[in-house]
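The values are calculated or read from the model by the stated rules, or taken from the named source; none is laboratory data. These numbers were taken from a predicted model, which means no experiment stands behind them. So basically every Cβ, Gly included, is an ideal-geometry build from the backbone, and we count neighbours across all protein chains shown.
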Amino acid sequence: MVRKRKARRGKKGNGKKNNVRLITKPKETISEIIKEPAFPQVIAIVSGKGGVGKTTTTANIGSVVSNKFEKKVLVIDGNVTTSNLGLQLGFLYPPVTLHDVLDGTITAKQSTYVHKSGLHVIPASLSVERDARYNEMSRAIDMLRVKYDLIIIDGAAGVGSEVKAAMRAADAILVITVPEIPTITASVKIIETAKKMKVPIAGIIVNRVKRKKHEISLSNIERVCHSPILAVIPEDNKVSESMNAKEPVVIFSPNSPASLAYQRLSSLIMGMKHRTGFFQSFLEKVYRIKHCKSKK
Ligand SMILES: Nc1ncnc2c1ncn2[C@@H]1O[C@H](COP(=O)(O)OP(=O)(O)OP(=O)(O)O)[C@@H](O)[C@H]1O
Ligand SMILES: [Mg+2]
């Protein structure tokens, strides 16, 4: 709705800046975008710059698909040098980790933990001294495909070998960005790298959107990145609060603006129709009206 309105504004507007139409049709599913009949089973969440919300997005999509859609979901901390997925989900000192799996000393099953939400998690080691044989990632993940409906790899930032290993192991990538020039420029690099590697790009998620004038518009992000925006996740204090509770925000505060956006995104990923109850659609409407007003 917000995107439609923005696109319309861009078409009519006189400013060159907004005179760009969105590439994406709002109802496209990921399968349609990557031109595969089935939804991607292994998704790597990546970004050009760090700290933009990869881990948060991994944990939240994982929780929705596992809890709401009742699918078998595994999230893996593929950010092996600066891991934090385990931390966000409350696994502070896991005795065995992805590092052990990549070393070949244990099986992936032995390093799988179950979060109280039901989500399966393979954390990475927090030790700075531990090297990871990340080139083994594809092999380790391929062995898990039979067990899960969806596997999400929480990737590292940038275009280093670690990120490439996660992208190679995935069927498609999701690129997270925030609406700021340096991060968008870095997103272009990762999109180009994925194209060179022939890894399908499912789309972009624009996170921490405050709907302020200085933010880069969605249409410009799509134009620069040549990829569709799948979701816009608003800036939401509940996300930080949920972090302290070691719970994904979709569980901690299911009706918060970010949670509603994550629920929509998860439906899109799984090719499912997003069903909104009366209360939820009311909240979404209130949120949209509030932000459209603040834009004027
Ligand atoms: N929509 C949001 N609203 C408010 N805060 C957010 C939102 N998304 C993420 N954050 C906050 O941004 C910070 C970084 O998020 P996160 O750890 O998910 O980023 P990351 O891309 O995984 O970082 P890294 O590159 O270091 O792994 C966290 O403190 C998180 O609470
Ligand atoms: Mg992270």
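Structural remarks
- Filtered residues of the stretch 143-163 (kept if assigned to a loop (DSSP other than H, G, I, E, B), in contact (Cβ under 8 Å) with a residue 60 or more places away in the chain and closer than 26 Å to residue 192 by Cβ): 158, 159
- First in the stretch 55-84 and away from ligand 1 (no atom under 16 Å from the Cβ), second anywhere and assigned to a helix (DSSP H, G or I) and of a type in the set (A, V, I, L, M, F, W, C), Cβ under 7 Å, 6 or more apart: 71/65; 73/65
- Residues that are buried (at least 22 other Cβ atoms within 10 Å of the Cβ) and within 16 Å of ligand 2 (Cβ to nearest atom) were ranked within the stretch 209-243; the one that is farthest from the chain's Cα centre (by Cα) is 242.
- Count of residues meeting criterion [farther than 19 Å from residue 137 by Cα and either within 16 Å of ligand 2 (Cβ to nearest atom) or touching a strand residue (DSSP E or B) at 6+ places or on another chain (Cβ under 9 Å) (or both)] in the stretch 70-93: 8
- If you go through the stretch 167-189 and keep only what is out of contact with any helix residue (DSSP H, G or I) (no Cβ under 6 Å at 6 or more places or on another chain), assigned to a helix (DSSP H, G or I) and either within 12 Å of ligand 1 (Cβ to nearest atom) or polar (S, T, N, Q) (or both), you end up with 183, 185, 186.
- Check on residue 26, at pLDDT below 85, within 19 Å of residue 170 (Cβ to Cβ) and more than 16 Å from ligand 1 (Cβ to nearest atom): no
- When restricted to residues that are more than 16 Å from ligand 2 (Cβ to nearest atom) and of a type in the set (Val, Ile, Thr), the stretch 160-208 contains 10.
- Scanning the stretch 183-200 for residues that are surrounded by 14 or more Cβ atoms within 10 Å (Cβ to Cβ) and among the hydrophobic types (A, V, I, L, M, F, W, C) yields 184, 186, 188, 190, 191, 194, 199.
- Members of the stretch 59-69 found to be more than 13 Å from ligand 2 (Cβ to nearest atom), hydrophobic (A, V, I, L, M, F, W, C) and in a helix (DSSP H, G or I), listed by number: 61, 64, 65
- Among (1) modelled with pLDDT under 95; (2) touching a strand residue (DSSP E or B) at 6+ places or on another chain (Cβ under 7 Å); (3) of a type in the set (Val, Ile, Thr); (4) away from ligand 1 (no atom under 16 Å from the Cβ) - the single one residue 112 does not satisfy: (1)
- Counting residues in the stretch 125-142 that are out of contact with any Pro (no Cβ under 8 Å at 6 or more places or on another chain), in contact (Cβ under 8 Å) with a residue 60 or more places away in the chain and not polar (S, T, N, Q) gives one or more.
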